[in-house]
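Bear in mind these aren't lab numbers, they're just calculated from the coordinates by the rules spelled out. Note that the structure is predicted; figures quoted are calculated from it, not measured. Here the Cβ is made from the backbone with ideal geometry for all residues, glycine too, and neighbour counts use every protein chain on show.
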Amino acid sequence: MSDPYVEHGAAYAAHNAVAPYNALYERPALLELAGDVAGLDVLDLGCGPGVTTAALVGRGARVTGVDGSAPLVAHAQGLSDAAFVVHDLAAPLPFPPTTFDLVVSGLVLHYLPDWSAVLGEVARVLRPGGRLVASVHHPLTDVDIPSLEPHGTYLESYRVADTWRLGDEDVVVRFFHHPLGAMTAWIAGAGLALTDLVEPRPQAVMAERDPEAYARLTARPAFLLLAARRVG
Ligand SMILES: C[S@@+](CC[C@H](N)C(=O)[O-])C[C@H]1O[C@@H](n2cnc3c(N)ncnc32)[C@H](O)[C@@H]1O
């Protein structure tokens with residue numbers, strides 16, 4: 001199956017840098033939940049084009065970014081002096097145990113059919129007491145997207161597809177709907193204790209730049225943020 005983040009990497013990087021959903025909604029909320037990162041060893045899991053990675057570096061963290069898309073990692077390398085690895089999250093992370101204080105993961109986990117293995121790896125590479133801060137598609141938003149495959153019910157995990165305008169092309173992007181209960185069970189199963197669950201609000205400036213999106217997002221969240229701490 002083709003990977004839009006590989007085939008349309010340049011168009012996605014341009015989109016991600018300025019799109020209101022990323023720049024005025026998800027990224028500020030994720031960085032706020034991450035808090036003070038100065039002096040921390042941070043893994044940006046699914047770093048994509050590296051805008052969040054660069055923001056973390058700018059806030060004084062030592063950051064490593066991993067992503068499955070070589071074109072996006074190449075783009076990320078131009079934005080900051082973080083370390084980067086091209087890596088498929090289906091495989092174990094290429095880092096020793098207890099390497100990081102914080103794992104940040106923006107809009108990535110919903111691409112995985114099951115979070116058990118990757119969250120086990122997150123727990124392994126986190127230091128005791130270290131945190132995971134992640135954003136994902138909100139499970140209520142997923143159920144509104146017309147599926148290209150047989151549609152499941154809210155309480156099941158199932159693959160959905162959406163069509164995004166990237167550059168001058170319509171691109172089909174496939175990801176997974178997971179119910180909230182599955183997400184929290186995967187977090188607990190990995191030995192992580194959920195500490196925060198945030199339904200973010202868009203930045204006030206979005207009301208001027210994209211009033212339609214602002215109205216939509218203040219009525220109903222598109223994304224969900226989760227934070228968890230490694231137990232022990
Ligand atoms: C919506 S983008 C988010 C990028 C970045 N975190 C951000 O918020 O700007 C999703 C990213 O997840 C990456 N991704 C999806 N599935 C992956 C996998 N199995 N292994 C590694 N990266 C993956 C894609 O390559 C893409 O860069």
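Hey, among 104, 66, 118, which residue is part of a helix (DSSP H, G or I), under 23 Å from residue 26 (Cα atoms) and in contact (Cβ under 8 Å) with a residue 12 or more places away in the chain?
Within the list 104, 66, 118, the selection yields 118.
Can you name every residue in region 74-101 that is near the ligand (Cβ under 9 Å from one of its atoms) and in a strand (DSSP E or B)?
86
Quick check on region 203-211. Is at least one of its residues of a type outside the set (Lys, Arg), surrounded by 13 or more Cβ atoms within 10 Å (Cβ to Cβ) and not in a loop (DSSP other than H, G, I, E, B)?
Within region 203-211, one or more residues are of a type outside the set (Lys, Arg), surrounded by 13 or more Cβ atoms within 10 Å (Cβ to Cβ) and not in a loop (DSSP other than H, G, I, E, B).
Can you find even one residue in region 29-38 that is assigned to a strand (DSSP E or B), buried (at least 22 other Cβ atoms within 10 Å of the Cβ) and near the ligand (Cβ under 10 Å from one of its atoms)?
Checked against the condition, which is being assigned to a strand (DSSP E or B), buried (at least 22 other Cβ atoms within 10 Å of the Cβ) and near the ligand (Cβ under 10 Å from one of its atoms), region 29-38 yields no hits at all.
When residue 25 is evaluated against the numbered criteria (1) closer than 21 Å to residue 126 by Cα; (2) crowded, with 23+ Cβ neighbours inside 10 Å, which criterion, by number, is the only one it fails?
(1)
Would you call residue 126 among the hydrophobic types (A, V, I, L, M, F, W, C) and within 11 Å of the ligand (Cβ to nearest atom)?
Considered against the rule, which asks whether it is among the hydrophobic types (A, V, I, L, M, F, W, C) and within 11 Å of the ligand (Cβ to nearest atom), residue 126 comes out as no.
Condition first: free of Cβ contacts under 8 Å to residues at least 40 places away in the same chain and away from the ligand (no atom under 11 Å from the Cβ). Now tell me which residues in region 8-28 satisfy that.
18
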